[in-house]
Amino acid sequence: KWPAILMMITAGISCLAQPMVILSESFVFAALGSEGEMEEWVAWASGGGGLVYFGSCLISSIIVLVGAWKMKNLRGYGFSVTAMVFGILPCMSICCSFSFFIGIWGLVVLNNADVKAAFRSARG
């Protein structure tokens, strides 16, 4: 259960932080402006590209949060595996350094024969 609990914590932090990141990218960078090389980044981040990227990060964090909750409650083995894979993806979470290692740990746990049997018995 520990990988699931830790992944829920990191995904929860990411879910709370992503809207703030979206707002800061949209308003703060646009208000500050920039010169030179940063100008293109600011234009992208404060425009549609940043909204799509950070919005997809928020959706990914929600998938990880729900999947980790399912893993903790021994429901939805496939969704739990998907959530751990999403947790491994780099930069799809504010806590990507932590979620990477927790996701690997979660996949190792989910591939354990006893854990698979526990999912099957909880289903039946």
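Values in this text are rule-based calculations from the coordinates and carry no lab data. This one's a predicted model, so the numbers in the text were calculated from it and none came from an experiment. Cβ atoms come from the backbone with ideal geometry, glycine included; neighbour counts cover every protein chain shown.
For Phe79, the shell of other residues with beta-carbons less than 14 Å away shows a net charge of +4, using +1 for Lys and Arg and -1 for Asp and Glu. Note on Ser97 and Arg120: the model spin-label points, each 7 Å out from Cα along the C-beta direction, lie 4.1 nm apart. Length gained on full extension, Asn111 to Thr82: 9.2 nm, using 0.36 nm per residue less the C-alpha separation. Modelled label positions at Ile5 and Arg75, each set 7 Å beyond Cα in the direction of Cβ, lie 2.0 nm from each other.
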